[in-house]
There are 2 protein chains.
Amino acid sequence: MAERTPLTRDRLLRSAVRLADREGIGALTIRSLARDLGVTPMALYHHVHGKEEILDGIVDLVFAEIALPEPGEPWPAAMRRRAASARRALARHPWAVVLMESRTAPGPATMRHHEAVLASLRAGGFSVPAAATAAAVLDAFVYGFAVQEAALPFDGTPTPEVIEGFRVHVDPQAYPYMAEMLTGHVAQPGYDFGAEFERGLDLILGALAP
Amino acid sequence: MAERTPLTRDRLLRSAVRLADREGIGALTIRSLARDLGVTPMALYHHVHGKEEILDGIVDLVFAEIALPEPGEPWPAAMRRRAASARRALARHPWAVVLMESRTAPGPATMRHHEAVLASLRAGGFSVPAAATAAAVLDAFVYGFAVQEAALPFDGTPTPEVIEGFRVHVDPQAYPYMAEMLTGHVAQPGYDFGAEFERGLDLILGALAP
DNA sequence: ACCTGAACACCGTTCAAGT
DNA sequence: ACCTGAACACCGTTCAAGT
C-alpha cells in the first residue's frame, strides 16, 4: 500500500473515512490508518494533533456530503431533500452518528449545514424559537432513524435467513405482539424498513408550521 | 476497592454501568472494571464471554430502567410516559444510545420493552403496519433527541462561559442565522433545550393516529 | 518540514496453573 | 467452580533522532 504522494491532512482524513466504512470505526486506529497510507504511525502527528482531531475531521467530512437547502427553495422541499440526503450519508457512514454524540468541536461543513437549515426556515417564515424547534425535531428524527437503521440486522429488507433467525429467537408465547409484527409485517414480501423514513418525515413536516 | 461478596454476572454488569456513567464508555475496559471489582481481569471471563457480552448486558440494563406502558392505559399517555422515561434513562447513561447502534443481541428487558410498546399501540387500534410506523417514528425521535442532548456542550441551559464561547467561535458575518439563534434565543434567560422534547413529542403524537 | 525507531503505559484475550 | 500469573498481539502517544 506504499504511496508516493506526500501525506496531507485531507488525504489522511479521506483515508480514515474509507477505513471506517470498510472495517468499522473500531478498526480505525492510528496504526491501521498509517498502514493504509504506507507510513509510520508517528507520521500522522505532523498533520493532526491526535486521534480526537481525526474523529472531528471525519464527522465534518460526512456533513460535507449532505445536500444543503438552496436559497429560494420552499422550506418543506428543502427540509425533505436535506433529510433524505442526510439519511443516505449516515447510511453510507454508519459510524458517523455514533461519533456525532461525542464531538463538541463542529467543523466548517457542520457549521455551514446548520446555518443553511436555519436560513431556509427563517426565510420560510419561522420565528427564531419556531426554527429552533423545527430543526431540533427534524434532526432528532434523522439521527434517531439512522441509529435504528444501523442497528437492524439486515439492509432494509430481511433475508430468509434473518427471518428464520427471528422465528427461532422470538417466542410467540412470551412476545405475541413482536411475533405478530414479524410474521404479519416484516416477513411479508415487499417489506422495507426504509419506507418508514418517508412516512415519518411526512408526518413531521405536515405538523410543522411557521 | 477490594470486595468480599462473590462476583456474579449481575454485580459485574451493574458495576460496568456505574463505571461508564462515571468516566465514560471509553474508560470501561475489562481491566478498569476488574480493578473496581477488586479482582483480576481474567476473573470476569468466568461470568461473561468477553467485552461484547458486557456491552450487550449494560444496554439491556438501561432498557430495564424505562417505564413500560401499563395494560389499559390509553396509548397517547402510555407513549408520552415511556418516551419521557426513555429520555431520562438515556440522559443518565449517555453512552447507551451509542452502544444501541452496534448491538444486535437484544436482551430480555429490551424485548419486554418493545413488546409492551406494540401491545399498547395494537390495543389502541393501530393496525400492524401503523403500529410499526408509530413505534419507528417515536423511537427515532427519542434516540435522536438523546444524541443531540449528549452532544450539547451544556446541560439544558448554557452557562455564561458557554455563551461567551459561542460569541467567540460563531462569527456573525459568516453565520448570521446561527448568531441570531444564539443571541436571540439560546442566550435568553429561561432557555432550556430540554423543552424541545415536549414540543417535538406533542407534535408527533398529535400527527399519529390508528 | 517531514518522517522514523524505540519506548512507555495501556488494551482484550488465551493458556496453563492454582485452590 | 472460581480465580490467578504470565504471556501475546495489539492500542495512542512521547521523545530523541534522522533527512
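The values are calculated or read from the model by the stated rules, or taken from the named source; none is laboratory data. The structure presented is a predicted model; accordingly, all values stated were derived computationally and were not measured. All Cβ positions, glycine included, derive from the backbone under ideal geometry; neighbour counts span all protein chains shown. We work out accessible area using only protein heavy atoms, side chains counted, and drop any ligands, DNA or RNA first. Shrake-Rupley method; radii C 1.70, N 1.55, O 1.52, S 1.80 Å.
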Yes/no for B:ARG14 being among the basic types (Lys, Arg), within 16 Å of DNA strand C (Cβ to nearest atom), in a helix (DSSP H, G or I) and not assigned by TED's automatic domain parsing to the domain that holds B:VAL142 = no
key: Given (1) closer than 19 Å to B:PHE145 by Cα; (2) over 17 Å from the mean Cα position of the chain (by Cα); (3) more than 10 Å from chain B (Cβ to nearest Cβ), index of the condition A:ALA96 fails   = (2)
task = Taking B:GLU65 as the residue in question, decide whether it is over 28 Å from B:ARG112 (Cβ atoms) and either away from DNA strand D (no atom under 15 Å from the Cβ) or not polar (S, T, N, Q) (or both).
result = no
message = Looking at region A:182-210, I want the residues that are over 17 Å from A:ALA134 (Cα atoms) and touching a residue at least 40 places away in the same chain (Cβ under 8 Å) and have a partner that is among the hydroxyl-bearing types (Ser, Thr, Tyr) and open to solvent by 40 Å² or more (accessible area, probe 1.4 Å) with Cβ atoms under 8 Å, at least 6 apart or on another chain. Which pairs are those?
response = A:PHE193/A:THR157
inquiry  = Of everything in region A:170-187, what is at the interface with chain B (Cβ under 9 Å from one of its Cβ atoms) and either open to solvent by 70 Å² or more (accessible area, probe 1.4 Å) or outside any helix (DSSP H, G or I) (or both)? Give them in sequence order.
reply    = A:VAL170, A:ALA174, A:TYR175, A:TYR177
message = I'd like to know if region B:195-206 contains one or more residues that are within 11 Å of chain A (Cβ to nearest Cβ) and more than 26 Å from the chain's Cα centre (by Cα).
response = no
ask   = When you go through (1) at pLDDT 95 or above; (2) more than 7 Å from chain A (Cβ to nearest Cβ); (3) exposed (fewer than 15 other Cβ atoms within 10 Å of the Cβ) one by one for B:GLY124, which number turns out not to apply?
value = (3)
task = Considering every residue within region A:3-16, establish whether at least one is in contact with a His (Cβ under 7 Å, 6 or more places away or on another chain), of a type in the set (A, V, I, L, M), modelled with pLDDT of 95 or more and within 13 Å of DNA strand D (Cβ to nearest atom).
result = yes
key: Number of positions in region B:40-68 that are open to solvent by 20 Å² or more (accessible area, probe 1.4 Å), away from DNA strand C (no atom under 13 Å from the Cβ) and in a loop (DSSP other than H, G, I, E, B)   = 3
